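The values are calculated or read from the model by the stated rules, or taken from the named source; none is laboratory data. Since the model is a prediction, treat every value here as computed from it, not as a measurement. With ideal geometry, Cβ positions are generated from the backbone for all residues, glycine too; neighbour counts draw on all protein chains shown. Side chains are part of the model used for accessible areas, which takes the heavy atoms of the whole protein and leaves out ligands, DNA and RNA. Shrake-Rupley method; radii C 1.70, N 1.55, O 1.52, S 1.80 Å.
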Amino acid sequence: MVGIVGFVIAAGGVITQVMPRSFSAAQRQQITDWQYLKRWRTLPAGTIFPSSVRYIPPNALSDDSSLMLSARRIGIAKQATCAAAADPAAARTLAGHGCSAVLRATYVDGTGSYVVTVGAAVMPGATQAAAAAQAINDADGASGLGSTVRSVSFAHTAAAAFTNKRRQLSGAVAAGSYVVLYAVGYADDRPAEPVAANDYTDGEMTSAGTGVAKAVLSVLAAPVPSPRCPGTPGC
C-alpha cells in the first residue's frame, strides 16, 4: 500500500511537470509586452518605417470608402533619447511612463503637400503606452499646434523646410508597448498656425499623421502569439 501511494504521488508530480503551464493575467501581459519590446531592437529600420504607406482619407475629402491616400518615406533619423526627440511637455510625460528611446522618420504625402514626422517611443508595456498617449493628446489638444515629436528635416527633399516652427498639428497613437507621436506641416514654408478652423485642411493633416503613425504601429505592435508552454521563453 505504501508503495502504491508513493507511486501515485510520483505520477502526479510527473503529470504536473509535463502539463502545459498556466499563466496569470499579469504574467501573460508581461510576456506579451516582452515580445513587443524586442521588435524595435531586432527589426530593420526600413521595416519599422515602410518605404510607402496607404491610409484612409478624411470624410471631408471623399465619401468613397474604397479611396486610399498614400505617403512615401523621405528619410530615417538616428535613434534618439526621449528628451531629445520630443517637446518638453511630451518628453516629461513619456519619461514619467518609462520611455527608453525614440525612433523617428519623415514622410511626404502623395500630393507633395504635407510632411509628417513620426516618432516611435519605446515604453515598458501596453499600460504605460496607452496612458502616455492619452496624456499627450489631452495636453496637445489644448495648445492647438503641433507640439509632440520634434520634426526631422532632410536637405534637398520635400521636408527640407520642415522645422519645429512649421509644425501645424500633432498627436499620438498607442498600441502594444509603443507610442507613436506625429507632427504634420506643409511641404512649403508656410508658418505654423492653428488649422482646426479649416475642417478640410485639419482632416487631411490628421489623416496623414494618424495614417503614417498607424502604419508604423502595424509593424511594431503586430499581434503576438498567446503565451504558452512549451514555446514561451522562461518556460
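Looking at the stretch 53-74, I want the residues that are at pLDDT 85 or above and have a partner that is among the acidic types (Asp, Glu) with Cβ atoms under 8 Å, at least 6 apart or on another chain. Which pairs are those? Close Cβ pairs (under 8 Å, with a partner that is among the acidic types (Asp, Glu)) amount to Pro57/Glu204; Leu69/Asp109; Ser70/Asp109; Ala71/Asp109.
Filter the strands (runs of 3 or more DSSP E) completely within the stretch 92-175 down to those with at least 2 residues that are open to solvent by less than 50 Å² (accessible area, probe 1.4 Å) and more than 26 Å from Ile56 (Cα to Cα). Counting at least 2 such residues, we get no strands (runs of 3 or more DSSP E) at all. Close contacts from the stretch 205-228, counting a first residue that is over 18 Å from Ala130 (Cβ atoms) and open to solvent by 10 Å² or more (accessible area, probe 1.4 Å) and a second that is modelled with pLDDT under 95 and among the aliphatic types (A, V, I, L, M), with Cβ to Cβ under 6 Å and a gap of 6+ residues or different chains, come to Pro227/Ile31. The residues of the stretch 12-44 that are aliphatic (A, V, I, L, M), open to solvent by 50 Å² or more (accessible area, probe 1.4 Å) and at pLDDT 85 or above amount to a single one, Leu43.
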